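These notes concern the structure reproduced below.
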Amino acid sequence: MPDGKSDRIVAARLRQKERHQAKAQQNGSTAVRSDTPINRHGKAKVPPGQTQSKKWPVLDLGEHPAIDTDTWKLTLGGSCENPTTLSWLDFQQLPQMNDVSDFHCVTTWSCLDIAWRGVRFRDLAELAKPHGKARYILCHAYDGYTTNLPLHEALKEDVLLVHSAQGDVLSVEHGGPVRMITPQLYAWKGAKWISAITFLEDDSPGYWEQRGYSNLGDPWQEDRYSSDDGA
Ligand SMILES: Nc1nc2c(c(=O)[nH]1)N[C@H]1C(S)=C(S)[C@@H](COP(=O)(O)O)O[C@H]1N2
Ligand SMILES: [Mo]
């Protein structure tokens with residue numbers, strides 16, 4: 001994890017969290033207009049408090065690890081019957097899905113209708129066979145980032161580990177060779193440069209979850225920040 005640079009990024013994002021919480025206290029909740037377009041889950045395509053961005057911003061801790069497909073590996077481990085490490089070739093041999101979904105960053109921008117190609121998390125879980133007691137996952141990335149989510153959220157059909165976006169190879173700045181996407185949750189739940197997924201019986205907060213972001217991050221509930229951390 002880089003020091004100075006990521007510290008400044010974290011400080012700026014925590015200031016934004018405070019501004020957002022102060023404003024939300026003044027305004028109450030943001031209502032969704034009844035004529036807004038809806039997504040495949042029957043929810044507003046642009047969640048409350050979000051603004052559509054035509055360009056896809058790059059947002060991370062400032063370090064873009066250069067992992068080529070020869071060295072990239074994905075390790076599935078923790079509470080599962082069949083811990084395994086996949087090479088790029090192994091990964092390419094799994095069923096490849098195309099999907100179009102939206103991308104919501106907690107800092108209030110949303111990108112709509114990104115065309116993805118990759119492997120469903122669900123298919124990876126089928127390989128690893130999580131134990132019945134496994135209820136959470138923790139995703140690890142090559143830049144040292146981590147993020148946790150409930151296993152049942154990760155198992156939703158549009159949660160993918162993608163290697164292509166908008167018909168092109170996923171660029172390094174957006175998390176190539178492989179990143180996760182979680183369209184139903186804020187985008188910080190999708191690790192760029194993903195390196196490992198650990199199945200857990202007990203929840204374990206990731207990078208932003210330890211720094212005052214909410215544990216679940218449901219954009220339609222504006223579940224952005226945890227309120228009990230005092231930050
Ligand atoms: N490895 C890693 N993954 C990450 C991050 C990060 O810093 N490192 N930032 C998260 C955040 S806060 C967002 S909004 C999205 C941004 O993805 P993008 O840069 O492709 O827009 O990546 C998420 N995944
Ligand atoms: Mo984000």
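The values are calculated or read from the model by the stated rules, or taken from the named source; none is laboratory data. Every value quoted in this text rests on a predicted model; they were computed, and no experiment measured them. Glycine gets a Cβ as well: all are built from the backbone with ideal geometry, and neighbour counts include every protein chain shown.
Here the condition is being β-branched (Val, Ile, Thr), modelled with pLDDT of 95 or more and under 21 Å from residue 223 (Cβ atoms); of 85, 107, 30, 71, it holds for 107 alone.
Among residues of region 99-118 that are closer than 17 Å to residue 42 by Cα, those with a Cβ under 6 angstrom from a residue that is among the aromatic types (Phe, Trp, Tyr) and within 11 Å of ligand 2 (Cβ to nearest atom), sequence gap 6+ or separate chain, pair up as 104/186.
Answer yes if at least one residue in region 7-20 is part of a helix (DSSP H, G or I), under 22 Å from the mean Cα position of the chain (by Cα), at pLDDT below 90 and not basic (Lys, Arg), and no otherwise. Yes, there is a match, as at least one residue in region 7-20 is part of a helix (DSSP H, G or I), under 22 Å from the mean Cα position of the chain (by Cα), at pLDDT below 90 and not basic (Lys, Arg). For residue 60, the requirement of being within 15 Å of ligand 1 (Cβ to nearest atom), surrounded by 14 or more Cβ atoms within 10 Å (Cβ to Cβ) and under 26 Å from residue 11 (Cβ atoms) is met.
Take residue 40 and tell me if it is out of contact with any Phe, Trp or Tyr (no Cβ under 6 Å at 6 or more places or on another chain), of a type in the set (Lys, Arg) and either surrounded by 15 or more Cβ atoms within 10 Å (Cβ to Cβ) or under 25 Å from residue 158 (Cβ atoms) (or both). The answer is yes for residue 40. Against the definition (on the phi < 0 side of the Ramachandran plot, acidic (Asp, Glu) and touching a Gly at 6+ places or on another chain (Cβ under 9 Å)), how does residue 123 come out, yes or no? Spelling it out, it is not the case that residue 123 is on the phi < 0 side of the Ramachandran plot, acidic (Asp, Glu) and touching a Gly at 6+ places or on another chain (Cβ under 9 Å).
Taken as a whole, region 45-68 holds no residue that is of a type in the set (Lys, Arg), part of a strand (DSSP E or B) and in contact (Cβ under 8 Å) with a residue 24 or more places away in the chain. When region 192-231 is filtered for residues that are acidic (Asp, Glu) and either within 11 Å of ligand 2 (Cβ to nearest atom) or not in a loop (DSSP other than H, G, I, E, B) (or both), only 209 remains.
Residue count for region 40-75, restricted to those that are in contact with a helix residue (DSSP H, G or I) (Cβ under 6 Å, 6 or more places away or on another chain) and within 16 Å of residue 110 (Cα to Cα): 3. Is there a residue in region 60-68 that is small (Gly, Ala, Ser) and at negative phi? Yes. Listed here are the helices (runs of 4 or more DSSP H) enclosed by region 87-191 that have at least 3 residues being more than 15 Å from ligand 2 (Cβ to nearest atom), within 11 Å of the chain's Cα centre (by Cα) and surrounded by fewer than 23 Cβ atoms within 10 Å (Cβ to Cβ), and there are none. Just one of the listed residues (159, 106, 169, 178) is in contact with a helix residue (DSSP H, G or I) (Cβ under 8 Å, 6 or more places away or on another chain) and more than 12 Å from ligand 1 (Cβ to nearest atom), and it is 159. If you go through region 192-220 and keep only what is closer than 15 Å to residue 153 by Cα and either aromatic (Phe, Trp, Tyr) or within 11 Å of ligand 1 (Cβ to nearest atom) (or both), you end up with 199, 217, 220.
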